[in-house]
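Okay, structure first, notes after.
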Amino acid sequence: MLTRRALITRGGAAGAGAVFLWAATPADADSSAAGPVLAKTKSIKVGGGKIVKGKYVITRPSAKTFRCFSAKCTHQGCTVASVSGGTINCPCHGSKYNIRTGAVVHGPATRGLPRKKIKVSKGVIRLA
Ligand code: FES
């Protein structure tokens, strides 16, 4: 007869086995798997960009090039508000960042926007 402790212990071991099997499924090993969808490529004009969920800014420096950065201004943490004229623009104190590199083009910010990895496939941009 199994004791309550034995059931919990064996159940825990079975649970760990299940996690292992889940982790080893072919779908998870697929290198094309990516994170959540951020935007469709056609929604971003060449030279422009889009703020996504107040957390990311996706830019399109050229027709086939997309970039993603943190949307949190490195000056005092406001969320950048627009992408225009080749820059990502913060409304709080006027910092501007390059849409290709995220580097500061105009202060008061002194550090560029951190870049985020993305995957672009079949017209969809996802976090990598
Ligand atoms: S918080 Fe963005 S410029 Fe100050």
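The values are calculated or read from the model by the stated rules, or taken from the named source; none is laboratory data. None of the values given here were measured: they were computed from a predicted structure. Note that each Cβ is placed from the backbone with ideal geometry, even for glycine, and that neighbours are counted across all protein chains shown.
Annotations
- Filter pass, Thr74 being part of a loop (DSSP other than H, G, I, E, B) and surrounded by fewer than 17 Cβ atoms within 10 Å (Cβ to Cβ): no
- Within the set Gly102, Gly94, the sole residue that is closer than 17 Å to Ile44 by Cβ and either modelled with pLDDT of 95 or more or outside any strand (DSSP E or B) (or both) turns out to be Gly102.
- Filter result (outside any loop (DSSP other than H, G, I, E, B) and over 26 Å from Lys42 (Cβ atoms)) within region 105-128: Val105, His106
- Count - residues of region 21-42 that are at pLDDT 90 or above and surrounded by 14 or more Cβ atoms within 10 Å (Cβ to Cβ): 3
- Taking the criterion of being surrounded by 11 or more Cβ atoms within 10 Å (Cβ to Cβ), within 19 Å of Thr74 (Cβ to Cβ) and among the basic types (Lys, Arg), the only residue of region 43-63 that qualifies is Lys55.
- When the residues of region 81-91 are filtered to those that are out of contact with any Gly (no Cβ under 9 Å at 6 or more places or on another chain) and surrounded by fewer than 18 Cβ atoms within 10 Å (Cβ to Cβ), the one that is nearest to Lys40 (Cα to Cα) is Ala81.
- Residue that is farthest from the chain's Cα centre (by Cα) [pool: residues in region 57-111 that are at positive phi and within 8 Å of the ligand (Cβ to nearest atom)]: Gly94
- Number of positions in region 54-71 that are of a type outside the set (Val, Ile, Thr) and in a strand (DSSP E or B): 9
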